[in-house]
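Before any comments, here is the structure.
The values are calculated or read from the model by the stated rules, or taken from the named source; none is laboratory data. What you see is a predicted model; the values in this text were computed from it and never measured. When we count neighbours, we look across all protein chains shown, and the Cβ atoms used for this are built from the backbone with ideal geometry, even at glycine. With ligands, DNA and RNA removed, areas are computed over all heavy atoms of the protein, side chains included. Shrake-Rupley method; radii C 1.70, N 1.55, O 1.52, S 1.80 Å.
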Amino acid sequence: METAAPEASCQPDPENLRQGRQNAFLFAGAAGLAGLMFGLDTGVIAGALKFMGVDLHADDRAQEWIVSSLMLGAAGGSLLAIPVSKYRGRRGAMFYAGLLFLLGTALCSFAPSIAVMIAGRVFLGIGVGFASFSAPLYIAEITEKSRRGKMISIYQLVITGGMLLALLSDSLLSYGGHWRWMLGILAVPTVFFILATTQVPYSPRWLAMQGRRHEAHGVLQKVRGSRQRATEELNRIEQNLKKTRGSGLALLKSSPGFRKTFILGILLQMFQQLAGINILLYYAPHILEHLHFSAQAAVWCTTLLGLANMAATGVAILLIDRWGRRPLLLTSTLIATISLTLFGLLLYMHASGSFASIAVVTLLVIFTLGFATGEGPIPWTMCTEIQPLQGRGLAIACSTFANWITNWLISNVFLSVMSVIGDFGIFWTLACFNAVFFLIGYFLVPETKGCSLEDIEQNVKANLPLRDIGQPRPSTDARPQQTMPLGMQKG
Ligand code: BGC
């Protein structure tokens, strides 16, 4: 046991506390670069695809594989990240993610053939899987409880920022069709990311899990700025670790309530992808050129979608703890359903001319704004909030896997299905998925705003209907409520 004296009797030095917060912010910020890499690597393909398609002689089917191979890698990577981050630490998993990003970037930017390009995208994907599992987990474990939800939501914002930057750089490089530069330039932030992962300390929770108590205490003291607080937090971490000894699978067998939240997590993540956002983010230039936009106009419009995505994610962060999750999700699914239905109608009517062009872009922007205020952030937030501690790792890993696999499926078949059922057919199908997402939200999604994670856990274990698991327990009214989501770790 660490001894808390001599500080125990006096208030911690405010200057030390400030320094501790600054350290935590710095380390979380360094891990947040993983989100930037995630956004850059997934976003860059939209602008590069058309040009590489010509150079590498990639037809629609090959282009689908180029886009979707990253998701397949990420699905595998998010499962593989569980043992890697368990045995090598979250910091280790982020470091390996950086190396994979570098390898993938080199293969993609020098790719002489479609096969090498696909291999490079798979490596990038495994890196994304590692990063998307370990970075939010690291941030959650290094940040103070009161700031954790916000820091992890900001991580989601950084992802959209990475996507936007990739789209912007694509737009600028599109004039010469320099697709190898579009991909290769990502080596620069990747090197910064790798360096950053070597500078941050291991997460205190992971060190405690390894029995490296002394080091865990040292890191906690650095990020809390107080020896006493570090000791208290380490004690809490160790108590918590004792509670989570049983396996997630055992809980899945024994608790019908957990089975329901487990399935809800998977449904939310699947429908987030079926909503169609990535079809737009990856294929928008392709769709717009199909509608007679020039190549440059198409790439710039896609950048506009990236901007709308990031701005609306910012709005969602402001509203999520005020309005609550349900109103945001329901409004968002409605906006997405209506905008995609109208978009399909425009395509069905073969609308043309400048009015139709403006309408096309407006509807796509409205869809993106709708997605980013609810369908985007809520599944990540909710998947962490509704799962009981013992099953959280398993449930999040499975729902994240479902997210990437659905992402892979939908981006893999998009162009082929569009050639069979027509462009309007595919957007009406997506509109239907969004309508089903609305129904899932209406009938199954609980309101978890203002309810402590402990209360949610008790409700789940008491097998309350899903809609009611976010209700505070009557006997715990006096307890302080935790209003922020624990986090949005992918996996
Ligand atoms: C989704 C990603 C998507 C991104 C767009 C995330 O919540 O999981 O698949 O590309 O939102 O902002």
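Assorted remarks:
- One way to sum up the overall shape of segment 121-222 is the equivalent ellipsoid from its Cα gyration tensor, whose semi-axes run 34, 15, 11 Å, largest first.
- Rg to Rh, two decimals, where the chain supplies the alpha carbon set and Rh follows Kirkwood: 0.99
- Tensor-based shape of segment 314-376 (alpha-carbon gyration tensor, a/c under 1.5 rounded, otherwise prolate or oblate): prolate
- Here the peptides 327-336, 175-184, 65-74 are ranked by packing, the mean other Cβ count within 10 Å, and the order with the highest first is 65-74, 327-336, 175-184.
- Degrees, to the nearest 10: 325-348 long Cα axis against longest axis of the chain: 10 degrees
- Accessible surface area normalised per residue over segment 161-316 is 42 Å², counting heavy atoms of protein chains with a 1.4 Å rolling probe.
- Gyration tensor verdict on segment 143-278 (Cα atoms; rounded if a/c is under 1.5, prolate if a/b is larger than b/c, oblate otherwise): oblate
- When peptides 23-32, 400-409 are ranked by their average number of other Cβ atoms within 10 Å per residue, the highest-first order is 400-409, 23-32.
- Counting Cα-Cα pairs of segment 42-201 in 5 Å increments starting at 0 gives whole-percent bin shares of 2, 10, 17, 21, 20, 13, 9, 5, 2, 1, 0.
- R0 of 22 Å, Cβ-Cβ distance residue 18-residue 235: FRET efficiency to nearest 0.05: 0.40
- Cα pair distances of segment 280-394 binned at 10 Å [whole percent]: 14, 38, 28, 15, 5, 1
- Within the accessible surface of segment 89-211, defined with a 1.4 Å probe on protein heavy atoms only, the carbon and sulfur portion equals 73 percent.
- Residue-by-residue Karplus 3J(HN,Hα) for segment 262-273, coefficients 6.51, -1.76, 1.60, Hz, glycine and proline x: 4, 5, 4, x, 5, 4, 4, 6, 5, 6, 4, 6
- Angle between the chain longest axis and helix 227-243 axis [Cα atoms, degrees, rounded to 10]: 70 degrees
- Cα gyration tensor shape of segment 382-459, rounded if a/c is under 1.5, else prolate or oblate by comparing a/b with b/c: oblate
- Base-10 log of normalised Debye intensity for segment 64-159 (one unit scatterer per alpha-carbon) at q = 0.19 Å⁻¹: -0.86
- As a rough guide to protection, the peptides 35-41, 434-440, 460-466, 384-390 ranked by mean Cβ packing within 10 Å, highest first, stand as 35-41, 384-390, 434-440, 460-466.
- Helix 89-110 axis, angle to the chain major axis (alpha carbon atoms, nearest 10°): 20 degrees
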